[in-house]
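**Student:** My questions will all concern the structure given below.
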Amino acid sequence: MATDSGADLRIPQDLLPEDGRFGCGPSKVPATAVDRLAEVAPHLLGTSHRQPPVKQLVARLRSGLTELFSLPDGYEVALGNGGASLFWDLAALCLIERRSQHLAFGEFSSKFAQIVQSAPHLAAPEVIEGAAGTCPRPHVNVDVDAYCLTHNETSTGVQSEVARIGLPGQLVLVDGTSAAGGLPLDASSFDAYYFSPQKCFAADGGLWVALLSPAAIERAARLKSASRWIPSSLDLSLALQNSRQDQTYNTPAVATLFLFVQQLEWILEQGGLRWATARCRQTASIVYGWADRAPYATPFVPNPDQRSQVVATVDLAPEVPAGEVSKVLRRNGIVDIDGYRKLGRNQLRIGMFPAIEPEDAARLTHAIDWVAARIGVANQI
Ligand SMILES: *Cc1c(COP(=O)(O)O)cnc(C)c1O
């Protein structure tokens, strides 16, 4: 077997996507948004986040998200620094009262369960595990006060249905990090839906956003006034208090906020969540259609309903090593389609967020076919 059979492979120009970024986060940031940022930079970057130029951005972010997700009366948008990972720590302090239930079916959903497991102030959570590539179901448990779901498990490419579960007084907390803006969502189904901007919202990372129901807001306020110690940077009530004034508790990355708002308003102009989810569905049908047809490729997720329309995972035959394919593609300007390392499979993982042009996804599949044919021959299919 050749060790680097693809070192001199040059993919023909007409097979190359216009934009080669297919990562699952950070993901493609549209060039137009970066151009707009450069235009407004002299009046925005390096200016105070307590003054109108930045506060107006936060206001547009909050009202845009309220519109995009058709949030019911009483629901609010909170934001802060630290990304979805920070929100797990925050949720362990401000949203879980005593004990939670977790669905763990991949790297991200498992991480939140581990955080809660190690929290000294909480009881051991109920963890319902599912094999990689599948999604377990939650069940009602009178002994928990929060159900922790993951709308899209980014490490395995599994999407799940977010539906309200539980009894009055129990909260539904949903990690929507890679799903928000690309998968359908019914706002009445959750109490907290949190995400970061570097996936469907095509910005840089660093921020967390949470859509909160009145019950979630009430829970956070109650836990704060109880005897629990809540550090300020992890205090959801304090974050919400600042968000209501179109600010963050501490200084945010202003460029990230700007890019986030650009993508959000672009999606709203195009037709909102219905448009964005239809576009992702179209891109996904191109990618899975290819994976079904190509003799050397197979969608990793067995249940077609659970195949994510924002993150595709595709297994390759052993004679076509995914690492080699990805290396050749990278040399040709197509980046970040490697599988999730810890999954340890011969797999490609492709971001299909709203910023991705469906036509570019089609070209990507042609480029992979072209490379696979040459690597496969070199490895003697
Ligand atoms: C990316 C991701 C995270 C982590 O987001 P950060 O902004 O890096 O903290 C958490 N959950 C899911 C489902 C993700 O896709």
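The values are calculated or read from the model by the stated rules, or taken from the named source; none is laboratory data. The structure displayed is predicted, hence computed values, not measured ones. In this analysis, Cβ positions are derived from the backbone assuming ideal geometry, glycine residues included, and neighbour counts consider all displayed protein chains. Ligands, DNA and RNA are excluded from the accessible area calculation, which covers all protein heavy atoms including side chains. Shrake-Rupley method; radii C 1.70, N 1.55, O 1.52, S 1.80 Å.
**Student:** Those residues that are outside any strand (DSSP E or B), within 15 Å of the ligand (Cβ to nearest atom), without any contact (Cβ under 8 Å) to a residue 60 or more places away in the chain and open to solvent by less than 10 Å² (accessible area, probe 1.4 Å), I need them from region 101-147; list them, please.
**Tutor:** Across region 101-147, the qualifying residues are Phe105, Ala113, Val116.
Conditions tested, residue by residue: (1) at pLDDT 95 or above; (2) of a type in the set (Val, Ile, Thr); (3) open to solvent by less than 70 Å² (accessible area, probe 1.4 Å).
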residue: Val254; (1), (2), (3): yes, yes, yes
residue: Leu264; (1), (2), (3): yes, no, yes
residue: Leu273; (1), (2), (3): yes, no, yes
residue: Ser285; (1), (2), (3): yes, no, no
residue: Arg293; (1), (2), (3): yes, no, no
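**Student:** Mind checking which pairs have a first residue in region 48-68 that is without any contact (Cβ under 8 Å) to a residue 40 or more places away in the chain and a second that is open to solvent by less than 30 Å² (accessible area, probe 1.4 Å) and in a helix (DSSP H, G or I), Cβ under 9 Å, 6 or more apart or different chains?
**Tutor:** Ser48/Val54; Pro53/Leu44; Pro53/Val254
**Student:** What residue, of Arg62, Arg21, Arg36, Arg10, is among the basic types (Lys, Arg), within 16 Å of the ligand (Cβ to nearest atom) and at negative phi?
**Tutor:** Of the residues listed, the single one that is among the basic types (Lys, Arg), within 16 Å of the ligand (Cβ to nearest atom) and at negative phi is Arg21.
**Student:** Okay, moving on. Within region 203-216, is even one residue surrounded by 15 or more Cβ atoms within 10 Å (Cβ to Cβ) and farther than 20 Å from Ala59 by Cα?
**Tutor:** Yes: one or more hits.
**Student:** Hey, another quick one. If a residue must be among the hydrophobic types (A, V, I, L, M, F, W, C) and assigned to a helix (DSSP H, G or I), how many such residues does region 14-52 contain?
**Tutor:** 9
**Student:** Which ones in region 148-170 are more than 14 Å from the ligand (Cβ to nearest atom) and buried (at least 24 other Cβ atoms within 10 Å of the Cβ)?
**Tutor:** Correct list: empty.
**Student:** Which condition number in (1) away from the ligand (no atom under 11 Å from the Cβ); (2) closer than 22 Å to Pro26 by Cα; (3) of a type in the set (S, T, N, Q) is the one that Thr177 fails?
**Tutor:** (1)
**Student:** Let me ask another. Which ones in region 139-155 are closer than 24 Å to Thr313 by Cα and of a type outside the set (D, E, K, R)?
**Tutor:** Residues satisfying the conditions are Cys148, Leu149, Thr150, His151, Asn152, Thr154, Ser155.
**Student:** Of all residues in region 197-240, which are polar (S, T, N, Q), modelled with pLDDT of 95 or more and more than 16 Å from the ligand (Cβ to nearest atom)?
**Tutor:** Ser213, Ser232, Ser237
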